[in-house]
């Protein structure tokens with residue numbers, strides 16, 4: 001399981017540079033629910049904000065805030081899911 005987690009981390013980090021934002025966001029959300037305490041999503045949000053921050057509607061720490069919310073909400077959602 002650890003080797004799969006490391007592989008997915010590498011794919012997400014490479015994907016930040018190669019793919020559009022929605023692909024690694026979806027992959028990160030899936031990983032939050034697949035892996036136990038997927039802290040890497042917080043790092044991904046911070047990295048995306050530091051690389052692609054531009055003035056405008058989504059300026060500031062938008063992806064970092066979204067990743068923190070997804071990370072924290074995942075605990076509550078996992079409690080309520082019967083099949084998790």
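The values are calculated or read from the model by the stated rules, or taken from the named source; none is laboratory data. Note that the structure is predicted; figures quoted are calculated from it, not measured. Virtual Cβ from ideal backbone geometry, glycine too; neighbours counted across all protein chains shown.
Specify which of the listed residues (38, 63) is modelled with pLDDT of 90 or more and either touching a helix residue (DSSP H, G or I) at 6+ places or on another chain (Cβ under 7 Å) or in a helix (DSSP H, G or I) (or both).
Answer to the check: 38.
The condition (being out of contact with any helix residue (DSSP H, G or I) (no Cβ under 8 Å at 6 or more places or on another chain) and part of a helix (DSSP H, G or I)) is satisfied by just one residue among 68, 10: 10.
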